[in-house]
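J.: After the structure tokens below, expect a handful of questions from me.
Just so you know, all these numbers are worked out from the coordinates, no wet-lab data involved. The shown structure was predicted, so the numbers you read here are calculated from the model rather than taken from an experiment. For neighbour counting, all protein chains shown are included, and Cβ atoms are generated from backbone atoms with ideal geometry for every residue, glycine included.
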Amino acid sequence: MRAGLLQLNVSDDPTENLAETLALVADAAAQGAEIVLTPEVTNCLSFNRSYQRDILRPEVRDPTLAGLRDAAQAHGIWLLIGSLALRTADPEGRFANRSFLINPAGTIVARYDKIHMFDVDVSATESYRESSAYRPGTQATLADTPWGKLGMTVCYDVRFPMLYRKLAQAGASFLTIPAAFTAVTGAAHWEVLLRARAIETGCFVLAPGQTGSHAVTPDRTIQTHGHSMVVAPWGEVLLDAGTEPGAYVVDVDPDAVTGARSRVPSLTADQRWEGP
């Protein structure tokens, strides 16, 4: 399987972001990618909630989703949209942070709403309260692809290993972790977490990321980590994209999943215990 990871530096302008994303999808497809993956919030990165209410659209009218579905069909590829920020019917007015898997016919074959909200205080001057704007999902998602089953997650989910264990035990060979990881937490934890999730599950981890300094409204600097990665089931890093935006293509061998799990069959060795 040849996978193409898009590393983006999106703004809060969905039209501008879609044009750049479509160009990179075409680049990855030209390099022979059979599945292309985009990062979290491919359509719009913003912390201005009133602006988001004006600019975001529900799934059925979202132009980024429509454009990427057309691109998947035009290029004859599978496409994992890492996530889109979307308006919903939530009574509190919260948005969805939703990932999509698109097949080569342009059909949505799976959806996943990010379960774990990024509510953290990175430092005295850097805080995030994702749950104030986004409603958490409640359903894990496992999808069929020509190369094996794919478990869909998003960004902060990576810190909750039981989600990945459940997906792997349910048959996942590939785990997607699209992200907009902060520069601070990314430098400290990104690679370690991705390699841990791959090793613990015997899965390939495919993790496209946002990168760099993002232009958003109001005046606020958002720095993301970049370093989109592909990690093999034994923990080897097959791709580290660094910090430049672009389309990065890598070949992965699905048979490596069976090989890693036969060497360390921990997914079938759960034991009961007592205590906290």
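J.: Mark the label point 7 Å from the Cα of D90 along Cα→Cβ and return the residues of the stretch 8-31 whose backbone N is within less than 20 Å of it.
T.: 12-14
J.: Using the count of nearby Cβ atoms within 10 Å as a rough guide to exposure, how do Y51, Y134 rank from fewest to most? Each step should come with its number before you reach the end.
T.: Working: Y51 15, Y134 23.
Ordered from fewest to most neighbouring Cβ atoms within 10 Å, Y51, Y134 come out as Y51, Y134.
J.: Can you list the residues, at least 5 places off or on another chain, whose amide H is less than 5 Å from the amide H of T141, using H built in the peptide plane?
T.: M152
J.: Okay, next question. Over what distance in Å are the Cα centres of the stretch 7-31 and the stretch 109-140 separated?
T.: Their Cα centres are 24 Å away from one another.
J.: For the chain, with only Lys/Arg (+1) and Asp/Glu (-1) charged at the beta-carbon, what is the dipole magnitude about the Cα centre, in debye rounded to 20?
T.: Details: 23 positive and 31 negative charges, 149 e Å.
Using Cβ point charges on Lys, Arg, Asp and Glu, the chain gives about 720 debye.
J.: Which value at 222 nm does the chain reach when only helices count, each DSSP H run of 4 or more adding -39,500 (n - 2.57), with the total divided by all residues and rounded to the nearest 500 deg cm²/dmol?
T.: Details: 6 runs with 66 residues, N = 276.
Calculated mean residue ellipticity at 222 nm is -7000 deg cm²/dmol.
J.: Let me ask something else. Given axes a ≥ b ≥ c from the Cα gyration tensor, I'd like to know whether the stretch 215-254 is rounded (a/c under 1.5), prolate (a/b larger than b/c) or oblate. Before the final figure, lay out the partial values.
T.: Details: a/c = 3.97, a/b = 2.79, b/c = 1.42.
Since a/c reaches 1.5 and a/b is larger than b/c, the shape of the stretch 215-254 is classed as prolate.
J.: Scan the stretch 234-276 for trypsin sites (Lys or Arg not before Pro) in coil per DSSP, keeping those whose Cβ has at most 12 other Cβ atoms within 10 Å, and list them by number.
T.: Details: sites: R261, R263, R272; in loops: R272.
Qualifying residues, ordered by number: R272.
J.: Would you mind checking which residues have amide H under 5 Å from F181's amide H? H placed 1.01 Å from N; only 5 or more apart, or other chain.
T.: Q210, H225, G226
J.: Loop by DSSP (not H, G, I, E, B), at most 16 other beta-carbon atoms within 10 Å: where is the longest site-free stretch of the chain for GluC sites (Glu not before Pro)? The partial results should precede the final answer.
T.: Values: sites that count: E92, E236, E274.
The answer is 93-235.
J.: Turning to a different aspect of this structure: Please give the length that would be gained between E20 and E244 if that part of the chain were fully extended, namely 0.36 nm times their separation in residues minus their C-alpha to C-alpha distance (nm, one decimal).
T.: Values: separation 224, 0.36 × 224 = 80.64 nm, distance 1.37 nm.
Contour length minus Cα-Cα distance gives 79.3 nm.
J.: Right, something else. Give me I102, I115, I108, I177 ranked fewest to most by other Cβ atoms within 10 Å of their Cβ, as a rough exposure proxy. Mind showing how you got there, number by number?
T.: Values: I102 24, I115 18, I108 14, I177 30.
If I rank by nearby Cβ atoms, fewest first, I get I108, I115, I102, I177.
J.: Say each of S123 and Y51 gets a label point 7 Å from the Cα, pointing the same way as Cα to Cβ; how far apart are those two points in nm?
T.: Label at S123, label at Y51, 2.2 nm between them.
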